[in-house]
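The values are calculated or read from the model by the stated rules, or taken from the named source; none is laboratory data. Since this is a predicted model, take the numbers as computed values, not measurements. Methodologically, a virtual Cβ is constructed for each residue, glycine included, from the backbone with ideal geometry; neighbour enumeration extends over all protein chains shown.
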Amino acid sequence: MVHKKGFRLALIVSVCSVLSLTMAAPGTFAAKGDASKKVGIASSSQIKKAADNFLKKHATKYQLKKNLSDLKYVTTIRTKAASYVRYQETINNHPVFTKQVTVTVSPQGKAKLVVSDYTPYNEVVAIKSKLSAKAVQSKALQRIGAKEKDQSAPATQNYGYTIQDGKAIPVVRVVSHTSKPYGAWETYVHAENGKVLTKKNLNQEATGTGKVFQPNPLESYGATSSFSDNRDRDSTALNNQLKTVSLLGLNGTGYLKGSYVTISSKANTYSSTNTFNYTRAKNSFEDVMVYYHIDTMQRYIQSLGFNNINNRSITANVNTISDDNSYYDPSNKKLTFGSGGVDDAEDAGIITHEYGHSIQDNQVPGFGNSSQGGAMGEGFGDFLGATYEDATSSSSYGKACVGEWDATSYSSSNPPCLRRLDNNKVYPADWEGEVHADGEIWSQALYDMASTFGRDTATKIVLQSHWSLTPNASFSDGYKGMLAADASLYGSAHKDKITAIFAARGIK
Ligand SMILES: [Zn+2]
């Protein structure tokens, strides 16, 4: 949670593309007779006939039936250079999944090439009854090991066949979307006995592009400015701070959903080309900010060698509350960013602070039950945010300060700061009994480690140390966890400096 001073804590085109039997491909023109009027150019029906005849003539070579009775015509795609006739293998009028045949035909109507998946079989397995759709779905989810369904994408079922060992087996092809584990799963479930014959994740990662503040407009501008929220309006000066970035790991549906982040927002941002260029006045801008900065943070954590820290697609609700606050909810494991003041998700410092809470909860379920644990939680979030801001900013403006842009709504300091990491607060003299204020004791120790050892080393030690802790751990436990982590990772190479850094904060 981001407790702001002066505020009283108000804080696919689906990849499941079942072969569509009537699909028209983009960028091609429909098969109409116009072209046939030109001399030597075959009509669509002539092309289809040429393809049929060619397949009949070479039926033996491609193991097809002489009369092509089980090949269902799908489409003819016409381009200037050639035409393409596509067929689907069927049994009893149902598709044999994925088994297609194409014939490439010249503009003059001469068949040039056959590509065939056609698979002959000795036997069609007969069944007496079919499982219910519900039973099929439960078999599929069981095999996927689904812990959480993606409610936004319903499952689809299609009846057909798959051929294994010369046998055509009646199956239901099920595509289920789950957020845990993350994926769009294709399974073939035996239509009678429910056995799952195959399982595959259909998601294909896509890279998109978008515009973000990096990390926020004040830091990237790098000097005192007169930027102001102005009720979420655009300005030339703020637009000038937008940076173009790649959005990695998208699932290819056109929504901001991917390996490490699932945006669930007011704007429900969509782009068929995965191009997400918005200015701050648009709610979609914040969706892009959250996607990009959390994805970048998770990739950073993995680059440090940790593949098991919050390694999931976290749901982030963006602009879904009007409070000037944001939070992580450990009961549903989701993040929420509010739109009060400067929209919270316009500042990477706020985004990464909140992600910090989800990291700790992931490493130590229930973390921060004690008051010192709560302060460590807030301090860790500020450390994560401030070091991320430092690393992504091209300027040195805003060092030891987190959330400069967000803070323009409520701070009059220069730079404006949600909180600082160099107030030299000492435990227990400066203890206030408020987790955010007390978090400044902890965050400064962590930030000093980053200044002394470098961000990567400090972050590794800090993350590694969390696993030693319990929900009621104290500052002292946290410090001891830090020494244990340094011992495991670096043979205690940083022991003396860590000890001095924490001693300066009154922690031993
Ligand atoms: Zn917080």
request  = Return the residue satisfying two criteria in turn: it lies in the stretch 74-90 and is hydroxyl-bearing (Ser, Thr, Tyr) and touching a strand residue (DSSP E or B) at 6+ places or on another chain (Cβ under 6 Å), and of such residues it is surrounded by the fewest Cβ atoms within 10 Å (Cβ to Cβ).
outcome  = Thr90
key: Candidate set: the stretch 402-434, residues that are β-branched (Val, Ile, Thr) and modelled with pLDDT of 95 or more; chosen: the one surrounded by the most Cβ atoms within 10 Å (Cβ to Cβ)   = Val402
message = Of everything in the stretch 63-84, what is among the hydrophobic types (A, V, I, L, M, F, W, C) and in contact with an Asp or Glu (Cβ under 8 Å, 6 or more places away or on another chain)? Give them in sequence order.
response = Leu68, Leu71
inquiry  = Tell me yes or no: at least one residue of the stretch 206-217 is modelled with pLDDT of 95 or more, within 16 Å of the chain's Cα centre (by Cα) and closer than 23 Å to Lys334 by Cβ.
reply    = yes
query = Would you say Gly356 is modelled with pLDDT of 95 or more, over 16 Å from Arg505 (Cβ atoms) and within 14 Å of the ligand (Cβ to nearest atom)?
reply = yes
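Mind listing whichever residues of the stretch 227-253 are assigned to a loop (DSSP other than H, G, I, E, B) and buried (at least 20 other Cβ atoms within 10 Å of the Cβ)?
Gln241, Asn251, Gly252, Thr253
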ask   = From Gly366, Gly340, Gly381, which residue is within 12 Å of the ligand (Cβ to nearest atom) and small (Gly, Ala, Ser)?
value = Gly381
request  = Answer yes if at least one residue in the stretch 397-409 is in a helix (DSSP H, G or I) and out of contact with any Phe, Trp or Tyr (no Cβ under 9 Å at 6 or more places or on another chain), and no otherwise.
outcome  = yes
remark   = Scanning the stretch 254-263 for residues that are assigned to a strand (DSSP E or B) and not hydrophobic (A, V, I, L, M, F, W, C) gives Tyr255, Lys257, Gly258, Thr262
task = Would you tally the residues in the stretch 292-330 being under 17 Å from the mean Cα position of the chain (by Cα), in a loop (DSSP other than H, G, I, E, B) and away from the ligand (no atom under 16 Å from the Cβ)?
result = 6
key: Identity of the residue in the stretch 274-307, in contact with a helix residue (DSSP H, G or I) (Cβ under 9 Å, 6 or more places away or on another chain) and of a type in the set (S, T, N, Q), that ends up surrounded by the most Cβ atoms within 10 Å (Cβ to Cβ)   = Thr296
query = What is the residue count in the stretch 378-401 for residues that are under 13 Å from Ser443 (Cβ atoms), of a type in the set (Gly, Ala, Ser) and buried (at least 24 other Cβ atoms within 10 Å of the Cβ)?
reply = 4
query = Quick one: would you say Tyr260 is at pLDDT 95 or above, touching a strand residue (DSSP E or B) at 6+ places or on another chain (Cβ under 9 Å) and among the aromatic types (Phe, Trp, Tyr)?
reply = yes
